[in-house]
Structures are given as structure tokens and as C-alpha cells.
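The values are calculated or read from the model by the stated rules, or taken from the named source; none is laboratory data. Note that the structure is predicted; figures quoted are calculated from it, not measured. All Cβ positions, glycine included, derive from the backbone under ideal geometry; neighbour counts span all protein chains shown. Quick note on the areas: whole protein, heavy atoms, side chains included, nothing else; ligands and nucleic acids left out. Shrake-Rupley method; radii C 1.70, N 1.55, O 1.52, S 1.80 Å.
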Amino acid sequence: LAIAGELLAEIHHPVFPTASGTALEQFQAVGKLCGPMFLYGFMAHVHAQEALRFSGRFKDRNTLADGQEPGAYGWDPLGLGPKNEEAKAKRQNQELNNGRLAMLASLGVLAEEYKTGVPVMDKIGIPHF
């Protein structure tokens, strides 16, 4: 989803339609449109959400609390997850690895745009709307 958001925002941003260009240029344009306090507030909001999410899951910075497992958030609203523990552990590891790969792919897109200065969607030839 991160890649989809990055790439779609290059051709049409529903909240900031005048922000265009590479991801860095869009970030700077949003800062100019809304002022730096918007970006500081956004970063404070993200930090607060992460702090709330991690509270109670860790004993200290590097140690999970008793009964906690990496990637086990208990969120399966449709009940599609595996029922036995072995299959569940395998699926959790698959999800962790897929998430790591997605973060690397997202970083690769940002690095490529930064290096060339040209949005990826412009290189692909997708028109802006």
C-alpha cells in the first residue's frame, strides 16, 4: 500500500492537488501550502500513535513484555487467519518478511527519485489527472 500511495500521489493527490513532482518535492509543497506547523503537528501525531501502540508491549527499548510476540497484534476481523499454531507462526513470519520487503521497495522508489529528480510515474509514462 505504501508504494501505491507514493505512486498515485505523483499523478493525483486528492488532498493537495497542487503538490506534484517527486515525493520530496510533494513533502516540501505541503509544507509551503500548510506551513511548517502542519508538518510538525503531523510528526507529533505519528509519534504519539507509535508510542501508544508500543506501550505495554515492551519491558524496555529492546525487550518484549511477557506474552508478546513480534507481529502478533491479534487483528483478524474476518477470521481468515490459520487456526493451528504452526501455520499461524508461518503466516506471521511471511507477513513480517513481506512488510520488510515493502519498506525496502518504498525506500528504493524514494532513493531513485532523489537520485534522478524525476518522478517514477513520469518515467513510466502515466499521465497526470
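Under 13 Å from a point 7 Å along the Cα-to-Cβ line of Arg53: which residues of region 69-99 have their amide N that close?
The answer is 71-75, 99.
Over the Cα atoms of the chain, what Rg and Dmax result, in angstrom?
Gyration radius and largest Cα-Cα distance of the chain: 18.9, 52 Å.
Please determine, in degrees from 0 to 90 and to the nearest 10, the orientation of helix 36-54 with respect to the longest principal axis defined by the Cα atoms of the chain, where the helix direction is its Cα long axis.
10
Quote to one decimal, in nm, the extra length available between Trp75 and Phe16 on full extension: 0.36 nm per residue of separation minus the C-alpha distance between them.
Numbers: separation 59, 0.36 × 59 = 21.24 nm, distance 3.16 nm.
My answer for the length gained is 18.1 nm.
Write down the radius of gyration of region 1-58 and its Dmax, each obtained from C-alpha positions, in Å.
Rg then Dmax for region 1-58, in Å: 14.0, 42.
Quick one: putting +1 on the C-beta of Lys and Arg, -1 on the C-beta of Asp and Glu, what dipole do you get for the chain around its Cα centre, in Debye to the nearest 20? Walk me through the numbers on the way to the answer.
Values: 12 positive and 14 negative charges, 37 e Å.
Its charge dipole is roughly 180 debye.
Could you give the size of the charge dipole of region 19-84 about its Cα centre, using +1 on the Cβ of each K and R and -1 on the Cβ of each D and E, expressed in debye and rounded to the nearest 20?
Values: 6 positive and 6 negative charges, 13 e Å.
Its charge dipole is roughly 60 debye.
Under a point spin-label approximation (7 Å from Cα along Cα-to-Cβ), what is the Leu8-Leu104 distance to one decimal in nm?
2.6
Would you mind checking Lys90/Lys115; Lys59/Lys90; Lys90/Lys123; Lys32/Lys115 for any pair whose Cα atoms are more than 29 angstrom apart? Could the numbers behind the result be given before it?
Numbers: Lys90/Lys115 37 Å; Lys59/Lys90 25 Å; Lys90/Lys123 38 Å; Lys32/Lys115 23 Å.
Correct reply: Lys90/Lys115; Lys90/Lys123.
Can you work out the accessible area per residue across region 1-79, with the rest of the protein chains kept in place, probe 1.4 Å, in square angstrom? If you can, show how the numbers build up before the last one.
Details: 5930 Å² over 79 residues.
Per residue, region 1-79 has an accessible area of 75 Å².
Starting from region 16-99, pick out the chymotrypsin sites (Phe, Trp or Tyr not before Pro) whose DSSP state is loop and whose Cβ has at most 12 other Cβ atoms within 10 Å.
Values: sites: Phe27, Phe38, Tyr40, Phe42, Phe54, Phe58, Tyr73, Trp75; in loops: Tyr73, Trp75.
Loop-located and lightly packed - Tyr73, Trp75.
Compute the long axis of helix 2-11 from its Cα atoms, compare it with the longest principal axis of the Cα atoms of the chain, and write down the angle in degrees, 0 to 90, nearest 10.
It is inclined by approximately 10 degrees.
Given points 7 Å out from each Cα along the Cα-Cβ axis, report the Asp60 to Gln28 separation in nanometres with one decimal.
Between Asp60 and Gln28, the label points sit 4.2 nm apart.
In region 1-62, what trypsin sites (Lys or Arg not before Pro) fall in a loop by DSSP, with at most 16 other Cβ atoms inside 10 Å? Please list the in-between numbers first.
Values: sites: Lys32, Arg53, Arg57, Lys59, Arg61; in loops: Arg57, Arg61.
Counting only loop positions with at most 16 other Cβ atoms within 10 Å, the trypsin sites (Lys or Arg not before Pro) in region 1-62 are Arg57, Arg61.
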